[in-house]
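Working notes, beginning with the structure itself.
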Amino acid sequence: MGMVKVVGLVLHPRRDCGSAVDAIVNWAAERGVTVLGLPDEITRIACSAVPVPVEEMVERAGLLVSLGGDGTMLRTMRLVEGRKTPVLGVNVGRLGFLAEVDLPDLGESLSAIDDHRYTVEPRTAVRTTLPDGRQVTAFNDIALVRVPGHGLAAVGIRVEGSNFVNYAADAVIVATPTGSTAYSFSAGGPIVSPNVRGLIVSAAAAHSSFNRSLVLDTSERVALEVLPTSGRLAIEVDGIIEGYAEPGACLDVEPLPDAAQVIRFGRTSFYERARRKLRVEGSAQAGNANAADAIVVDSFEHQRYEVVLGGEVAGMLHYRRHADRIELLHTEVDQAFSGRGLAGRLAAAALTDARSRSTPVVATCPFVAGYLERHPENES
């Protein structure tokens, strides 16, 4: 990458990125490097970054730094789509999955960039044209999602121009390898290494007899055909609703193999980060159904914590995330696993997770409310 002369910053809309921005600004000042930011983002914090329009930042920056979580990282990659500008992801706040470094390691990472001790890995994206003619790009997934009150997502998967299979489901998802651990994973799809060049097509809560995922090569063309029997569907691009598709619509999904370049230091592998993301706490020894070995995972696409024992979901705690709080709604443990303290494990993990995110908790669930009374130290 040569010596970077200009660095662009992309900040999480709410998390406090001040200390991270200070670290970057100080690093840059010592090296005569210019730091650019987006006006609405950097005016929230006192810093010497130069506010410029997004087009100018993307044009001038030799390196973009994403400060926040996975959403910020996805947005940063979308900004540089198709350019060679590398992106460094820094986790600010709770553990993200896509970012390469956590805040405490930021200084060390900037030095490593100075010393050229890093690699740059390409990331595949998917692009489609919405019914209104706008082009959109996703680095995790493009999904056709059932709209509450409307019918199921009935979607035909066309590969290389001919119909291959039809799904009837709550959602049909086309994911990149990066996105294999997001919505697609919660729908039962495989975890795919980011070094694979391919696309994964999955169905969430499939009602059709066919419910398996497909893995396609990036040289193959796939289209999603909204069948006449389908309800109206929301089109989600990296989790953001960008439009709607009516029965009869057909979305061509085009893979973009080198759409973004991300900086890797090789400290944590994809697999370590995947494990970190896919469970909240605990240790897993499959096949040994000892309650001490239960693990709790945040099945965030289903809005619930699950306690997993011997590879089986033994219980769950449903939640709803609001902008400023998390509501813990209802705890249930499978009868076969009752009496092992698993509900308490769920409550403890949910409260710890909320505290680590600095999120206030509303305990609608009577069990969690009672647990809080018995364990007041868990009040967040």
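The values are calculated or read from the model by the stated rules, or taken from the named source; none is laboratory data. Remember, predicted model here, so these are calculated numbers, not experimental data. Note: ideal-geometry Cβ built from the backbone for every residue, glycine included; neighbour counts use all protein chains shown. Side chains included, ligands, DNA and RNA excluded: accessible areas come from the protein's heavy atoms. Shrake-Rupley method; radii C 1.70, N 1.55, O 1.52, S 1.80 Å.
Summary table
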| item | result |
| --- | --- |
| C-alpha center-to-center spacing [the range 298-347, the range 97-125] in angstrom | 34 |
| Percent accessible area from carbon and sulfur atoms, the range 301-380, protein chains only, probe 1.4 Å | 48 |
| Rounded if a/c under 1.5, otherwise prolate or oblate - the chain, Cα gyration tensor axes | oblate |
| Computed accessible area, Met316, all protein chains, 1.4 angstrom probe, square angstrom | 30 |
| Per residue value of the accessible surface for the chain (all protein chains in place, 1.4 Å probe), Å² | 44 |
| Accessible-area value, Ser162, 1.4 Å probe, nucleic acids and ligands omitted, Å² | 60 |
| Protein accessible area in the range 1-108, 1.4 Å probe - carbon and sulfur % | 52 |
| Cα-based shape type of the range 1-110, given that a ≥ b ≥ c are square roots of the gyration tensor eigenvalues and the cut on a/c is 1.5 | rounded |
| Contour minus Cα-Cα distance for Val50 and Arg83 (0.36 nm per residue) | 9.7 nm |
| Among 198-208, 184-194, the order from most to least packed when residues are scored by Cβ within 10 Å on average | 198-208, 184-194 |
| With all protein chains modelled, accessible area of Arg321 [1.4 Å, Å²] | 90 |
| Sites Glu220 and Asp40, calculated FRET efficiency, Cβ-Cβ separation with R0 35 Å, nearest 0.05 | 0.30 |
| Added length on full extension, which subtracts the Cα-Cα distance from 0.36 nm per residue, Arg31 to Gln335 | 103.2 nm |
| Stretchable slack from Tyr271 to Gln135, in nm (0.36 nm times residue separation minus alpha-carbon distance) | 45.8 nm |
| Distant-in-sequence amide H partners of Cys47 (H built 1.01 Å from N, under 5 Å) | none |
| FRET efficiency estimate (nearest 0.05) - Cβ-Cβ, Glu160 to Thr359, R0 45 angstrom | 0.45 |
